[in-house]
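First the structure, in the form of structure tokens, and then the observations on it.
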Amino acid sequence: MRIVISAWIFLTLCSFSAAFDPLDPTGNITVRWDIMSWTADGYVMYRHVQTPGWTLGWTWAKKEVIWSMVGAQTTEQGDCSKFKANVPHCCKKSPTVVDMLPGVPYNQQFSNCCKGGVVAAWGQDPSASVSAFQISVGLAGTSNKTVKLPKNFTLLGPGPGYTCGPAKVVPPTTFLTPDRRRKTQALMTWNVTCTYSQFLASKHPTCCVSFSSFYNETITPCPTCACGCENKNKCVKSDSKLLSVVGLNTPKKDNSPLLQCTRHMCPVRVHWHVKQNYKDYWRAKVAITNFNYRMNYTQWTLVVQHPNLNNITQVFSFNYKPLVPYESINDTGMFYGMKFFNDILMEAGPTGNLQSELLLQKDQNTFTFKQGWAFPRKVYFNGEECMLPPPESYPFLPNSAYETLVGPLTLLVSLVMFLLL
């Protein structure tokens, strides 16, 4: 049997106000389960899954067992005492499956497996956006009429947030042979659709946004307690002696953060700085800062909605891909790191930040620095919507400023403060 979870990680970018995000109208994860061959008492299953640090669970409809697995493993074996000679890999009614870690023996590997559950976003790297494993299921039935669909699917990625619907039988999946001259098909296929809600994932945002500009020395910080202040009494000051303790950066089993003490108390901050103004172009600088001493972000993504992204000229030091959920609107794009250069946002500290600059061409019919137009409308980090400052606090354009000025008008104080962020 083969299960496929569509590898569109950025499709988990859900609105903070609802499970549906207009920037990502098709943002569901679909589990496709294809039975590929029958065994004496069941079938053999393959599955592909996407999402960082995934954990997949379900409840068997009958008394199925998992005889063997390649490319993944269940977290518990369960009670297999009734089996004497050959002992199954898992006998639990509701198994929980996790990816294997890199470096496992070759005979335990399967194609696209063994990444520790960390998988790239489809838009970021399609070739690395699949996680796969194979299992052999017993006591399951040997035909389309006797096999029963599993139920109660759960998906963690790596925390809560996904809600999975019931399995539904669909037309069998077809496959091309390596020479692409022959088509085969699965014996049976069913789908499970899992939707994401940021409400379920966390009661607070996990990132925030701050703003600054060359035309105003005011720096608009993240809102106070933007990500909740529950960890205020457990945070660590940036000059604390605790930072020299060995093992401080070791993650906990419950993934509890160890945050640097800040006003906003967010694990991640995105700073947008309107840097320069030219005759036909303008330049912005983006900085991502990690304030969590126990977490680095591998294959991170940053999605920004801004009306001028429909005319972006150049992006420095980040990869960029436009996202066009609606053909008539092109105001959203995804930024992500360059492989082996800056695709990992390191834990809090001297190396826990990444920066890039954007060069955007002006549309004289719409371009303005007035009323906060130069700042993004929405920002997402790793699929989570970040809290923006209130609009009335944005750096405003002084009345004496002229938008047609050519060249850098950066205020020294603002630049120094920005570099210290």
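Rounded to the nearest Hz, the phi-derived 3J(HN,Hα) couplings of segment 200-213 under the Karplus curve 6.51 cos²θ - 1.76 cosθ + 1.60 (θ = phi - 60°) are 6, 5, 6, 6, 10, x, 10, 7, 9, 10, 10, 10, 7, 7, where x marks glycine and proline. For segment 109-201, a/c is not less than 1.5, where a ≥ b ≥ c are the root eigenvalues of the C-alpha gyration tensor, and a/b does not top b/c. That puts it in the oblate class.
In this structure the amide hydrogen of residue 67, modeled in the peptide plane, comes within under 5 Å of the amide hydrogens of 89, 136, 137, 138, none closer than 5 places in sequence on its chain. Computed 3J(HN,Hα) for segment 333-343, one whole-Hz value per residue from the Karplus formula 6.51 cos²θ - 1.76 cosθ + 1.60 where θ = phi - 60°, is x, 10, 9, 7, x, 7, 4, 6, 10, 9, 7, glycine and proline marked x. Annotation: per residue accessible area for segment 45-128 equals 47 Å², rounded to a whole number [probe 1.4 Å, protein chains only]. Computing FRET efficiency as 1/(1 + (r/R0)^6) for residue 169 and residue 256, where r is the C-beta to C-beta distance and R0 is 41 Å, gives about 0.50. For chymotrypsin sites (Phe, Trp or Tyr not before Pro), the sites in segment 220-328 that DSSP calls loop and that have at most 15 other Cβ atoms within 10 Å are 278. Between residue 107 and residue 62, the contour length at 0.36 nm per residue exceeds the alpha carbon distance by 13.2 nm. Taking a straight line from the alpha carbon of residue 275, these lysines sit under 24 Å away, with near neighbours fewer than eight places off in the same chain left out: 285, 321, 362, 370, 378. Pairs with C-alpha atoms separated by more than 18 Å, drawn from the list 63/93; 232/253; 93/145, are 232/253; 93/145. Within the accessible area of segment 144-283, the carbon and sulfur atoms contribute 54%, probe 1.4 Å, all protein chains present.
Considering only protein heavy atoms and a probe of 1.4 Å, how much of the accessible area of segment 318-363 is carbon and sulfur, as a whole percent?
With neighbouring chains kept in place, the figure for segment 318-363 is 55 percent.
Under a model in which nothing but the beta-carbon of Lys, Arg (+1) and Asp, Glu (-1) is charged, segment 261-405 shows a dipole of about 260 debye around its Cα centre.
Are there trypsin sites (Lys or Arg not before Pro) in segment 114-194 that DSSP marks as loop and that have at most 11 other Cβ atoms within 10 Å, and which are they? The qualifying sites are 145, 180, 181, 182. The residue among 150, 112, 199 whose Cα reaches farthest toward the positive pole of the charge dipole of segment 78-237, with charges on the beta-carbon of Lys, Arg, Asp and Glu, is 150.
Per residue, segment 206-282 exposes 51 Å² of accessible surface when a 1.4 Å probe is rolled over the protein heavy atoms with every protein chain present.
The values are calculated or read from the model by the stated rules, or taken from the named source; none is laboratory data. From a predicted model like this one, the values you see are computed outputs, not experimental measurements. As a convention, Cβ positions derive from the backbone with ideal geometry for all residues, glycine included, and neighbour counts pool all protein chains shown. All accessible areas refer to the heavy atoms of the entire protein, side chains included, with ligands and DNA or RNA removed. Shrake-Rupley method; radii C 1.70, N 1.55, O 1.52, S 1.80 Å.
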